[in-house]
Amino acid sequence: MATDGNRDDVAERSLVGLMLRTTSAVAKMAEEKDAADWFGPKWRGVVDGVLREWLEGGNVDVARLTQRLPPNLAGEVTALAMAGEDPSDAECARMITDCLAHLRRKYLKGMEREVRIAIRAAEEQNDEKAKRERILEWQDLVRKERQLERRKLEPKRPAR
C-alpha cells in the first residue's frame with residue numbers, strides 16, 4: 001500500500017512527465033497560477049524550468065532544461081521525457097486533472113496545518129487580532145478543500 005508521500009511523488013512525477021511530453025500538459029500548468037507551489041522541493045525547480053522554457057519559447061527543450069539541473073535529477077528528467085507512450089488528449093486531460101487535484105489537496109492540507117499552528121501561537125500570545133485573522137484564513141482553506149471534495153464526488157460525464 002502506497003503512503004501519501006509515495007502518492008505525492010507519483011503524482012508529481014506523472015505530471016512532470018506529461019509536461020515534458022505533451023504541450024497540453026504544459027499549457028494547463030501555465031494556466032494554473034499557483035500550481036508550481038503544490039510541488040515538493042524535488043520537482044518544483046523542474047516545473048518552474050519547464051514553465052519558463054514554455055513561456056519564453058513556446059516549447060520545452062529538455063536538453064537545455066537538464067543542463068540547469070543537478071546530475072541525478074537531470075537523468076530522471078531525461079528518463080521521464082522519453083518514458084512511455086503519449087496518452088490521448090482525453091486521457092492526458094484526465095491525468096492532469098487528477099494529479100493537480102491530488103497535489104492541490106495536499107498543499108491545502110499543509111497550509112491548513114500551518115495556519116492551525118499559527119492560531120495556537122496567537123492564542124498563547126493572547127493576540128486576538130492575529131487569532132481572528134488566522135481563523136479566517138483557516139476557514140477559507142477548509143472551504144477550498146470542501147470544494148475540491150465536492151468536485152471529486154461529482155459523477156464523471158462521458159466525453160462527447
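The values are calculated or read from the model by the stated rules, or taken from the named source; none is laboratory data. Just so it is clear, the structure is predicted and the values come from calculations on it, not from any experiment. When we count neighbours, we look across all protein chains shown, and the Cβ atoms used for this are built from the backbone with ideal geometry, even at glycine.
Below is a table of values for the structure above.
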{"item": "Residue check for ARG105: in a helix (DSSP H, G or I), touching a helix residue (DSSP H, G or I) at 6+ places or on another chain (Cβ under 8 Å) and farther than 30 Å from ALA130 by Cβ", "result": "no"}
{"item": "Residue that is modelled with the lowest pLDDT [pool: residues in segment 125-160 that are assigned to a helix (DSSP H, G or I) and under 15 Å from ASP98 (Cα atoms)]", "result": "LEU153"}
{"item": "Hey, LEU103 of a type in the set (A, V, I, L, M), within 25 Å of VAL142 (Cα to Cα), crowded, with 18+ Cβ neighbours inside 10 Å and touching a residue at least 24 places away in the same chain (Cβ under 8 Å) or not", "result": "yes"}
{"item": "Qualifying residue in segment 86-96 (condition: touching a helix residue (DSSP H, G or I) at 6+ places or on another chain (Cβ under 8 Å) and over 30 Å from GLU149 (Cβ atoms))", "result": "yes"}
{"item": "Spans of helices (runs of 4 or more DSSP H) in segment 13-89 with at least 1 residues among the acidic types (Asp, Glu), modelled with pLDDT of 85 or more and farther than 25 Å from ARG105 by Cβ", "result": "41-57"}
{"item": "Test: residue in segment 111-124 that is in a loop (DSSP other than H, G, I, E, B), surrounded by 18 or more Cβ atoms within 10 Å (Cβ to Cβ) and in contact with a Phe, Trp or Tyr (Cβ under 7 Å, 6 or more places away or on another chain)", "result": "no"}
{"item": "Hits in segment 66-97 - residues which are within 15 Å of the chain's Cα centre (by Cα) and in contact (Cβ under 8 Å) with a residue 60 or more places away in the chain", "result": "ALA93, MET95, ILE96"}
